[in-house]
Protein chains: 2
Amino acid sequence: MATKGEQTRARLINAARTLVEERGYFGAGLNEMTDAGKAPRGSLYHHFPRGKDQLVAAALAASGQEIAALIRTLSEDAPNARALVEAVLDALADRMEEAGYAKGCPIATVALEVAATNDSLQKICAEAYDDWQGVLADHLVADGYAPDRAGALACSLLALIEGALVLARAQRSRIPIDRARESAGALLNA
Amino acid sequence: MATKGEQTRARLINAARTLVEERGYFGAGLNEMTDAGKAPRGSLYHHFPRGKDQLVAAALAASGQEIAALIRTLSEDAPNARALVEAVLDALADRMEEAGYAKGCPIATVALEVAATNDSLQKICAEAYDDWQGVLADHLVADGYAPDRAGALACSLLALIEGALVLARAQRSRIPIDRARESAGALLNA
DNA sequence: GGAAGAGTAGACCGATCTATATATTTGTCC
DNA sequence: GGACAAATATATAGATCGGTCTACTCTTCC
């Protein structure tokens with residue numbers, strides 16, 4: 001069983017994940033995170049001695065892996081790449097709507113905030129996207145695409161997904177995601 | 001000629017535009033904005049009595065209109081929709097690289113930060129995207145697409161552009177934008 | 001040329017931020 | 001059960017946040 005310390009650490013990470021996804025790196029304060037995670041400051045700096053950056057880094061890594069796992073899971077039931085992209089968009093749109101547009105891409109907000117100013121967090125964001133792109137590319141290769149073509153295509157598909165999430169949250173509507181869903185097939189048939 | 005007050009106001013808006021695009025709403029402080037805009041706090045609250053929200057709103061509106069004007073300008077020289085999208089992506093990629101990845105989409109970061117929590121700013125972001133999508137759709141209609149088809153297509157093209165900008169900044173590389181450039185044509189031929 | 005308002009200037013306020021310092025409690029292992 | 005580290009619990013430091021306030025300087029217009 002997980003020790004009490006591990007549970008506290010996990011609560012902090014989960015609280016950080018939620019708050020950072022909703023409002024970004026600068027918009028999410030440590031006070032809120034410790035409150036939401038029901039942990040005192042001492043525990044925060046015990047588990048994350050390098051402070052906010054380290055906690056947010058752990059939160060981003062966890063969210064990144066969760067989305068990668070989601071894509072992989074959906075990949076198992078998808079007969080082809082098009083069905084996979086549609087399933088991913090559906091799942092993310094549902095998740096977004098259920099959260100009242102407080103959730104979208106758990107990486108994007110921080111990625112944009114820190115792209116030019118925080119090397120360590122930028123790196124983690126870049127790795128998450130690389131990871132997702134790789135999972136997509138793997139499925140494309142299994143579908144018969146040449147590896148380098150699959151990589152480029154996965155990049156564009158990921159861009160379409162990410163952009164649809166940005167527009168959907170900005171407009172508080174799932175329409176951009178549904179439209180991207182309809183367009184995804186066109187990218188694959190080129 | 002612009003009065004001194006108008007110049008101060010413009011300097012503040014420009015400073016806010018730069019800082020907000022680089023680090024987002026929460027990451028950009030009023031102290032930095034007044035420093036960069038060479039204006040004291042008194043001037044800030046004279047020109048923007050409702051404070052940060054009002055200044056950032058003005059900055060977002062200005063940036064939104066600038067991008068809309070950019071698309072319109074590029075639209076004049078583009079022989080077709082595909083060439084237009086490619087030109088937009090090229091221009092935005094150049095702009096991003098020149099700024100050392102401090103610039104991308106001037107709306108997206110704030111849009112994601114405030115999507116669920118700040119109605120007035122969310123509205124301004126949504127309007128900017130609507131505006132851009134409209135400009136793209138107009139060009140598509142001129143290219144012969146049916147109006148409703150043009151609207152849906154413009155939405156997906158904008159998603160592809162926005163997503164490419166997110167990935168490019170996150171990875172500090174223009175490759176995702178170049179890949180989106182290559183994929184844009186496929187969306188149009190479906 | 002003097003009144004009036006637009007605009008500038010910066011000190012200042014309470015709140016909140018991240019981080020640290022210092023105790024104290026809890027758990028574990030010999 | 002005693003020792004030692006892990007983990008928790010606060011209090012507080014120092015900086016910065018957005019915002020308010022008062023005083024001052026221009027400009028404009030009668």
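The values are calculated or read from the model by the stated rules, or taken from the named source; none is laboratory data. All figures in this text were calculated on a predicted structure; none of them were measured in a lab. Cβ coordinates were reconstructed from backbone atoms using ideal geometry, including for glycine residues, and neighbour counts include every protein chain displayed. SASA here: full protein model, heavy atoms, side chains in, ligands and nucleic acids out. Shrake-Rupley method; radii C 1.70, N 1.55, O 1.52, S 1.80 Å.
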Top positive-direction residue, dipole computed over region B:53-188 with Cβ charges, set B:ALA78, B:TRP132, B:LEU112: B:LEU112
Sequence-distant aspartates and glutamates (8 or more away, or on other chains) whose Cα lies within less than 16 Å of B:LYS4: none
For chain B, convex hull of alpha carbons as volume per residue, Å³: 129 Å³
Cβ-vector label at 7 Å, B:PRO79, separations to other copies in nm: 4.0
For chain B, size of Cβ-based charge dipole, Lys and Arg +1, Asp and Glu -1, in debye: 680 debye
Tilt relative to chain B, helix B:147-171 - C-alpha long axis, 0 to 90 degrees, to 10: 60 degrees
Surface accessible to a 1.4 Å probe, B:THR3 within the full protein complex, Å²: 80 Å²
Kirkwood Rh (inverse of mean 1/r, distinct Cα pairs), region B:56-167, angstrom: 14.4 Å
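If you roll a 1.4 Å probe over the heavy atoms of the protein chains, what accessible area per residue do you get for chain B, in Å²? The partial results should precede the final answer.
On the way: 7670 Å² over 190 residues.
Heavy-atom accessible area per residue stands at 40 Å².
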Dimensionless Rg ratio for the protein assembly as shown, taking C-alpha atoms and the 2.2 N^0.38 Å reference: 0.99
Per-pair calculated FRET efficiency, R0 = 41 Å: B:ASP143 and A:ALA99 via Cβ, rounded to 0.05: 0.60
Unit charges at the beta carbon, dipole of region B:49-190: most positive-side option, B:ALA102, B:ALA152, B:VAL141: B:ALA102
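Which of the residue pairs A:LYS38/A:LYS103; A:LYS52/B:LYS123; A:LYS38/B:LYS123; A:LYS38/B:LYS52; A:LYS38/B:LYS103 have a Cα-Cα distance greater than 27 Å in the structure shown?
Table pairs above 27 Å Cα-Cα are A:LYS52/B:LYS123; A:LYS38/B:LYS123; A:LYS38/B:LYS52; A:LYS38/B:LYS103.
Want the number for B:ALA2 to B:ASP131: 0.36 nm per residue separation, take away the alpha-carbon distance, what's left? Before the final figure, lay out the partial values.
Details: separation 129, 0.36 × 129 = 46.44 nm, distance 2.77 nm.
The span from B:ALA2 to B:ASP131 would gain 43.7 nm if fully extended.
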Mean ellipticity per residue at 222 nm, deg cm²/dmol - from DSSP H runs of n ≥ 4 across chain A, formula -39500 (n - 2.57): -27000 deg cm²/dmol
Residue-count net charge about A:ALA10 - beta-carbon cut-off 15 Å; Lys, Arg +1, Asp, Glu -1: +3
Nearest-first distances (nm) between copies at A:ALA190, label 7 Å from Cα via Cβ: 1.2
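How large is the dipole of the protein assembly as shown about the Cα centre if only Lys and Arg carry +1 and Asp and Glu carry -1, each at its Cβ, rounded to the nearest 20 debye?
Numbers: 40 positive and 50 negative charges, 277 e Å.
Here the size comes out at about 1340 debye.
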Only Lys, Arg (+1) and Asp, Glu (-1) charged, at Cβ; region A:3-65 dipole about Cα centre in debye: 200 debye
7 Å along Cα→Cβ, label-point gaps from B:GLU97 to other copies, nm, shortest first: 4.1
Solution diffusion estimate, µm²/s, Stokes-Einstein, region A:65-107, Kirkwood Rh from C-alpha pairs, 25 °C, viscosity 0.890 mPa s: 228 µm²/s
